[in-house]
Amino acid sequence: MTKTLTYIRPYSATAVWGIIVKFIGSIAELFLPLLLDYIIDDVVPLGDMTAVLLLGLAMLVFSLVAMFGNIIANRLSVRAAARMTHDLRYDLFSRISYLKSGQVDAVTVPSLVSRLTSDSYYVNQMVARTLRLGVRAPILLVGGIIMTFVVDWRLGLVLLACVPFVTAAVVVITQRSIPCYAAKQAAGDDMVRVMQENITGVRIIKALAKGDYETRRFKGVSDGLGNTDFAAKKLMSLTNPLATLILNLGLVAVIVVGALCSCGAGSVLAVLTLFTMILNGMLGISKIFVVLSEGVASASRIEGVLDLDPAQSVGEYPRGDEGWAVQFKDVSFSYNGVENNLQGINFALRRGGTLGIIGATGSGKSTVINLLMRFYDVDSGAVYVNGRDVRSVDPAELRKNFGVAFQNDFLMASAVRQNIDYGRGLADEAVQKAADCAQAGQFISSLRGGMNYAVAQKAANLSGGQKQRLTVARALAGDPAILVLDDSSSALDYATDAAMRRDISLGYPSATKIIVAQRVSSVKSADLILVLDDGRQIGLGTHEQLLKECGEYAMIYRAQMGEDI
Ligand SMILES: Nc1ncnc2c1ncn2[C@@H]1O[C@H](COP(=O)(O)OP(=O)(O)O)[C@@H](O)[C@H]1O
Ligand SMILES: [Mg+2]
């Protein structure tokens with residue numbers, strides 16, 4: 001919470017002005033019943049019309065001050081809250097962009113989405129409302145009670161007797177409702193998760209005619225959110241009626257006491273007005289409790305992310321053999337610490353060489369890439385790039401070596417050229433060469449606008465093969481020392497796949513290449529092929545060696561040969 005509050009500091013002047021103006025407005029409001037009492041009980045009986053008019057004018061002035069004070073103060077508080085939320089959201093977003101992969105896994109993407117959206121909204125509401133009501137409500141409450149004493153101390157005592165009951169009701173209810181808000185926010189995460197799966201998977205849902213199933217699933221999480229929200233609101237909704245009831249009882253007591261003590265009509269009328277103000281003050285305070293309980297829960301969720309340390313430690317590790325561009329030495333790794341996702345991986349690749357990685361889905365191919373680029377750290381063994389343990393190199397430095405096209409990589413909704421350049425300010429020739437080698441040149445020139453063709457969101461206006469070629473072009477364009485293509489030709493026909501590999505070898509001869517594939521034809525000509533099965537290395541060598549030595553590889557080869565070789 002403290003960290004969130006520091007975001008108000010730059011706008012404290014706006015906030016403080018808001019508080020001052022609100023203070024003046026609220027005080028002006030408090031004086032209205034007092035003037036009313038004075039006019040009715042003391043001035044009207046004298047029959048002095050000028051005095052009545054003058055005091056009436058004074059009441060008008062006080063009303064205007066109260067009204068404009070409220071309007072101006074509300075605007076100031078909204079402005080301060082909006083700006084601090086903007087800053088908070090910005091920092092949260094940039095922190096999320098730098099999180100380590102394991103941290104993202106732990107918080108989960110849907111939860112990050114709702115922290116960026118609904119949680120920052122609750123923080124905004126907390127600040128805006130607390131700035132507005134935080135001044136007004138206590139002034140109306142305390143000032144109202146004091147003013148009642150000024151008008152008539154006996155009536156003041158009646159009122160004061162009601163206050164502890166109302167306070168107790170508000171405090172008890174609010175305390176109970178706070179855990180409900182935390183549950184509500186967790187339910188919000190669930191809903192975002194299902195929503196996100198549905199929107200990203202809309203085609204498969206349609207293809208499998210799973211619309212009904214998904215709608216039911218969505219209804220489930222949506223009901224979950226509704227129920228927790230209802231539980232929280234059900235409790236909080238008790239506050240208003242209960243406070244009103246207690247104060248209404250007090251009101252009856254005021255009239256009775258007023259009659260018994262023969263107080264003036266003006267005094268009773270003034271106290272009744274003050275009563276409404278006091279009630280508003282009470283309810284304002286209970287509202288503050290609501291926004292505070294929501295806001296504090298949200299702030300701690302946001303701070304939970306802001307407090308994560310995205311920096312990867314860089315330490316001293318023994319050097320490996322500098323002769324190799326990439327080397328894995330006895331590497332074992334597990335994502336969740338339960339089962340090994342990689343075990344005993346050993347290989348070394350010379351500079352400019354090509355490594356093919358082949359294996360069934362889930363065998364750990366992409367995991368090898370994740371460790372190579374240090375998205376995760378190995379559990380045992382070591383990964384070397386140019387003879388240096390990846391844990392001993394600054395991650396940003398390390399990743400400069402790579403040009404990567406990830407499996408199912410994303411494209412931005414912007415021009416084709418920008419997708420290839422990706423903000424690196426590359427020369428036109430570099431972009432064109434990359435596009436040509438990735439076999440994208442031809443289809444790009446056939447698009448309307450060519451390189452300026454606008455790629456739609458999620459590249460919905462490109463075919464699967466076109467998307468893959470653009471991601472490969474993006475990987476190539478920076479002329480990387482190490483090129484990684486993770487299943488980047490699965491949507492290409494064999495001829496295009498072969499032409500792409502040939503052109504990349506010719507166009508980027510010095511790059512060390514790592515090609516992950518499911519097809520033997522894509523890795524057949526590599527200098528070294530790593531065969532993975534369920535996280536274990538079951539073969540390493542050239543195509544010819546593996547045909548002889550690795551039964552599984554030979555089997556995959558024969559199975560694929562009939563159709564595609
Ligand atoms: N972020 C992750 N958290 C937990 N498990 C993961 C994660 N990514 C992949 N895995 C698991 O690790 C295994 C290997 O995955 P992966 O390397 O992506 O396989 P491949 O690329 O060969 O299809 C799979 O069982 C997969 O479920
Ligand atoms: Mg993969």
Review point. For TYR122, are the conditions met, namely being among the aromatic types (Phe, Trp, Tyr), more than 16 Å from ligand 1 (Cβ to nearest atom) and either touching a residue at least 60 places away in the same chain (Cβ under 8 Å) or not in a helix (DSSP H, G or I) (or both)?
Key: yes
Exercise for review: Could you please give the count of residues in segment 538-558 that are open to solvent by 30 Å² or more (accessible area, probe 1.4 Å) and in contact (Cβ under 8 Å) with a residue 24 or more places away in the chain?
Suggested key: 3
Practice item. Go through the residues of segment 521-537 one by one and say whether even a single one is under 23 Å from ASP497 (Cα atoms), in contact with a strand residue (DSSP E or B) (Cβ under 8 Å, 6 or more places away or on another chain), within 16 Å of ligand 1 (Cβ to nearest atom) and open to solvent by 10 Å² or more (accessible area, probe 1.4 Å). Key: no
Practice item. State whether one or more residues within segment 354-374 are away from ligand 2 (no atom under 16 Å from the Cβ), of a type outside the set (Gly, Ala, Ser) and open to solvent by less than 20 Å² (accessible area, probe 1.4 Å). Key: yes
**Study point:** Every pair of residues 6+ apart whose Cβ atoms lie under 7 Å, when the first sits in segment 347-367 and is part of a strand (DSSP E or B) while the second is near ligand 2 (Cβ under 10 Å from one of its atoms) and basic (Lys, Arg)
**Key:** ILE357/LYS365; GLY359/LYS365
Exercise for review: Six or more apart or on different chains, Cβ under 7 Å: which pairs go from a residue in segment 475-489 that's basic (Lys, Arg) to one that's open to solvent by less than 10 Å² (accessible area, probe 1.4 Å) and within 14 Å of ligand 1 (Cβ to nearest atom)? Could you list them?
Suggested key: none
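Results for (1) open to solvent by 30 Å² or more (accessible area, probe 1.4 Å); (2) within 53 Å of the chain's Cα centre (by Cα), shown as yes or no for each residue.
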site	(1), (2)
SER26	no, yes
TYR38	yes, no
LEU46	yes, no
VAL52	yes, no
PHE62	yes, yes
Review point. Is it the case that ARG79 is touching a residue at least 24 places away in the same chain (Cβ under 8 Å) and buried (at least 19 other Cβ atoms within 10 Å of the Cβ)?
Key: no
**Study point:** Search result, residues across segment 232-270 that are open to solvent by 30 Å² or more (accessible area, probe 1.4 Å) and in contact with a Lys or Arg (Cβ under 8 Å, 6 or more places away or on another chain)
**Key:** LEU235, VAL257, CYS261
Exercise for review: Go through (1) modelled with pLDDT under 85; (2) in the same structural domain as VAL113 (by TED's automatic domain parsing); (3) not aliphatic (A, V, I, L, M) one by one and return the number of the condition GLN312 breaks.
Suggested key: (2)
Exercise for review: Give segment 414-433 a look and list any residue that's open to solvent by less than 70 Å² (accessible area, probe 1.4 Å) and over 15 Å from GLY450 (Cα atoms), or say none.
Suggested key: GLY425, LEU426, ALA427, ALA430
Point to revise | Complete set of residues in segment 106-125 that are closer than 21 Å to ILE199 by Cβ and open to solvent by 40 Å² or more (accessible area, probe 1.4 Å) | key: THR108, VAL109, VAL113, THR117, SER118, TYR121
Exercise for review: For segment 472-487, name all the residues that are within 14 Å of ligand 2 (Cβ to nearest atom) and open to solvent by 10 Å² or more (accessible area, probe 1.4 Å).
Suggested key: LEU485, ASP487
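The values are calculated or read from the model by the stated rules, or taken from the named source; none is laboratory data. All figures in this text were calculated on a predicted structure; none of them were measured in a lab. Heads up, the Cβs are rebuilt from the backbone with ideal geometry, glycines too, and the neighbour counts pull from every protein chain shown. Each accessible area value is taken on the protein alone, full model and side chains, heavy atoms only, with ligands, DNA and RNA left out. Shrake-Rupley method; radii C 1.70, N 1.55, O 1.52, S 1.80 Å.
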